[in-house]
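Undergrad: Sharing a structure, written as structure tokens. Questions coming.
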Amino acid sequence: MKPTTLLCSLVGPSAGAGQFTVSSSTSDGKEVFDGYVSYSIELSSFPDFAGNNSHPNTFSDNLLENLGHYMGSKPYIRVGGNTQDYALYDASLPYALNGTYDLRRSGDYPTTIFIGPSYFESYNAWKHVKFSHGLNLGLGGNSSRGWRSLQDTVPLVCKALGKGKLYAWQYGNEPDLYSTSAQGPVRPSSWDEATYVEQWLNGTRMVKTLIEEHCPELLNGYGYLAPAFGGVNNRLKAPKAWAAGINSDKNIELFSTHNYISGAASPGVTLQDTLLNHAVTKRSVDAHIAEYTTLRTQDPSETPLIFGECNSLYNQGRPGLSNTFGAALWAVDFLLYSASAGFKRVHLHMGTDYRYASWQPIATNRTTIGTKAPYYGNIAAAAFLGNLAKQPSTVVEISLPGRGNYESAYAAYTRAGTTLARLIVLNMHGHNTTVDGAGLVPLPETPARGAVNYTFTIAAVAGMSSAGAKLPIPGTVVGIQRLWANGSDAITGITWDGWSYNHELDEGRPVRLKNVTVWETAVIDADGGVTITVPHSSAITNPRTLIKRLAP
């Protein structure tokens, strides 16, 4: 079989002529980890998302199962966030968590928190899920009651996460912001990398002592997500923390960094030019790659790169932006670009009542229980990646010269990069259907929806090796799946390949809607090309292995 290349040309509304090459194999070696699309859950919200022994949250579990269906394993769950550094242990507390809100600090989560013994029941609610637990460095590193909580908590985590459920440990959340936090500094202005590393090593060595005493079986594979900095431009810098010896015990399993594209209240933030803008996403992710590259020159040991916490807009997102279908498209672009850049796993952050969350786990006086728009982007990315437990994938960005910032495309390769398996195209040109783009009041006259026609052509390329690659045969039928909604501002009516995951239909289990076109196909023409139409504010891919020869 001759090696092949896939060529893509664009014609149609707002699309200049162009031809783009996709190799049938790749040698970049950037295979992602299993459970690539994973989650970070605010420590104070975890009991809401998971439930407990008597009342497990089956809605959340159904949504995790859906992702596991595509990826071959359920998402990994990191329990932490800002509230891990407020949480103290109270052995006498008769319920899981007691949180007090201080609206001067945050209206989205409590900043005075006590957790009781039953808090750890939440780790029993979801089967076949691995967890990391966030320990309190904010108070644990400089107060006696925080240190006591560390000593009391580790044995409980051991008990809860034994038998193969432990993913990793984390000590401290975003310590690079401890002296500048908008929710109130917990360290003096003199806070620096050397002091941070001293406190981190002190705490993590105590954790190891406690593990040796209470659960020595967990020492095998024992490691941390660190340094869990909030970004690359804050007071503390990761390369300086490494130089100060943070990994001197060689117990950092994954280099974990955090990312938000922008802020919920940042000036100039819009759906089109912030979230639906590939250049913004690329620039944001690339800054982390540059930092990691610097770090690897200091410490070339294999410490894989992950986003331990990320989402669209920090401060829990903005209504009309972070909860829309546009945010679902952003999530696909962010997840896949991060994979192409070298990230091994991505944990999208969530919390109860958070605007950017993929779902709301319970009904509150602020938010209705339900599946939210971003979840559909998570599903589409997972489907594109395929069964990672069975066949790891490498993602490569397809260059689209001249296409501007509102379109992107990716190829997924399997069998160690030798086989081109799937393509995905995102048309992120905005299409609003409601007043002010808020997703609520319909426009009296919805403008016409533009579209772009994409033609993919596969051709042989000499001198390349591609085991398993196949030339397309004219007449071959190719399956197409769409990520779809009425517009980029939609907050309801969203589907992936005609599936709805809404709570009210079957508690988050997939339900095929009858009013959505599915099982679309395109036919390879005589020149080896296939043409598909992608309306503005939508995405298409071919993750389904529906490819067959038409009868003559």
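The values are calculated or read from the model by the stated rules, or taken from the named source; none is laboratory data. All values reported here derive from a predicted model rather than from experimental measurement. Quick reminder, even Gly has a Cβ in these numbers, built from the backbone with ideal geometry, and neighbours come from all protein chains shown. For the accessible areas, the whole protein counts, side chains as well, though only heavy atoms, and no ligand, DNA or RNA atoms are used. Shrake-Rupley method; radii C 1.70, N 1.55, O 1.52, S 1.80 Å.
Undergrad: For a quick check of your reading: which strands (runs of 3 or more DSSP E) sit entirely within region 456-552 and have at least 1 residues that are open to solvent by less than 70 Å² (accessible area, probe 1.4 Å) and at pLDDT 90 or above? Break it down into steps so the answer makes sense when it comes.
TA: On the way: elements: 476-484, 520-523, 529-535, 538-541, 547-549.
By residue number, 476-484, 529-535, 538-541.
Undergrad: Could you tell me whether region 98-119 includes any residue that is in a helix (DSSP H, G or I) and either within 18 Å of residue 40 (Cα to Cα) or touching a Gly at 6+ places or on another chain (Cβ under 8 Å) (or both)?
TA: Kept after step one, since they are in a helix (DSSP H, G or I), are these residues of region 98-119: 117-119.
Cutting the leftovers down to either within 18 Å of residue 40 (Cα to Cα) or touching a Gly at 6+ places or on another chain (Cβ under 8 Å) (or both) gives us 119.
Yes, region 98-119 contains at least one residue that is in a helix (DSSP H, G or I) and either within 18 Å of residue 40 (Cα to Cα) or touching a Gly at 6+ places or on another chain (Cβ under 8 Å) (or both).
Undergrad: Give 422, 355 a once-over and let me know the one that is in a loop (DSSP other than H, G, I, E, B) and of a type in the set (D, E, K, R).
TA: Details: 422 fails: in a loop (DSSP other than H, G, I, E, B).
One residue alone meets the criteria, 355.
Undergrad: Quickly run through region 381-404 and pick out the residues that are within 17 Å of residue 331 (Cβ to Cβ) and either part of a loop (DSSP other than H, G, I, E, B) or open to solvent by less than 10 Å² (accessible area, probe 1.4 Å) (or both). Steps first, please.
TA: Kept after step one, since they are within 17 Å of residue 331 (Cβ to Cβ), are these residues of region 381-404: 381-385, 395, 397.
Passing the criteria: 381, 382, 383, 384, 385, 395.
Undergrad: Turning to a different aspect of this structure: Which one of 279, 241, 331 is in contact with a Pro (Cβ under 8 Å, 6 or more places away or on another chain) and over 30 Å from residue 185 (Cα atoms)? Let's see the steps before the verdict.
TA: Numbers: 279 fails: in contact with a Pro (Cβ under 8 Å, 6 or more places away or on another chain); 241 fails: over 30 Å from residue 185 (Cα atoms).
Unique residue meeting the criteria: 331.
Undergrad: Take the residues in region 91-118 that are among the hydroxyl-bearing types (Ser, Thr, Tyr) and modelled with pLDDT of 95 or more, then tell me which one is surrounded by the most Cβ atoms within 10 Å (Cβ to Cβ).
TA: 109
Undergrad: Assess whether residue 321 counts as being assigned to a loop (DSSP other than H, G, I, E, B) and of a type outside the set (D, E, K, R). Spell out the reasoning first.
TA: On the way: assigned to a loop (DSSP other than H, G, I, E, B): yes; of a type outside the set (D, E, K, R): yes.
Yes, satisfied.
Undergrad: With (1) open to solvent by 10 Å² or more (accessible area, probe 1.4 Å); (2) in a strand (DSSP E or B) as the list, and residue 280 as the residue in question, which single condition is left unmet?
TA: Going through the list (1) open to solvent by 10 Å² or more (accessible area, probe 1.4 Å); (2) in a strand (DSSP E or B), residue 280 breaks only (2).
Undergrad: Would you check which residues across region 283-300 are surrounded by 12 or more Cβ atoms within 10 Å (Cβ to Cβ) and more than 24 Å from residue 410 (Cβ to Cβ) and list them?
TA: Hits for region 283-300 are 294, 295, 296, 298, 299.
Undergrad: Tell me, yes or no, whether region 334-352 has at least one residue that is in contact with a Lys or Arg (Cβ under 9 Å, 6 or more places away or on another chain), under 25 Å from residue 478 (Cα atoms), surrounded by 18 or more Cβ atoms within 10 Å (Cβ to Cβ) and not aliphatic (A, V, I, L, M).
TA: For region 334-352, residues in contact with a Lys or Arg (Cβ under 9 Å, 6 or more places away or on another chain), under 25 Å from residue 478 (Cα atoms), surrounded by 18 or more Cβ atoms within 10 Å (Cβ to Cβ) and not aliphatic (A, V, I, L, M): present.
Undergrad: A further question on this structure: Considering (1) surrounded by 23 or more Cβ atoms within 10 Å (Cβ to Cβ); (2) touching an Asp or Glu at 6+ places or on another chain (Cβ under 8 Å); (3) more than 30 Å from residue 106 (Cβ to Cβ), say which one residue 303 fails and leave the rest.
TA: Condition not satisfied by residue 303: (1).
Undergrad: How many residues, within region 255-280, are in contact with a Leu (Cβ under 7 Å, 6 or more places away or on another chain) and within 26 Å of residue 327 (Cβ to Cβ)? Before you say what the answer is, go through the steps one by one.
TA: Start the filter on region 255-280 by keeping residues that are in contact with a Leu (Cβ under 7 Å, 6 or more places away or on another chain), which leaves 255-256, 260-264, 269, 271, 275-276.
This time we only want the ones that are within 26 Å of residue 327 (Cβ to Cβ), so: 256, 260-264, 269, 271, 275-276.
Result for region 255-280: 10.
Undergrad: Right, something else. Enumerate the pairs (first residue in region 186-198 and on the phi < 0 side of the Ramachandran plot and assigned to a loop (DSSP other than H, G, I, E, B); second residue anywhere and open to solvent by less than 60 Å² (accessible area, probe 1.4 Å) and of a type in the set (D, E, K, R)) with beta-carbon separation below 8 Å, excluding pairs fewer than 6 apart on the same chain, so at least 6 apart or on different chains.
TA: These pairs meet every condition: 186/85.
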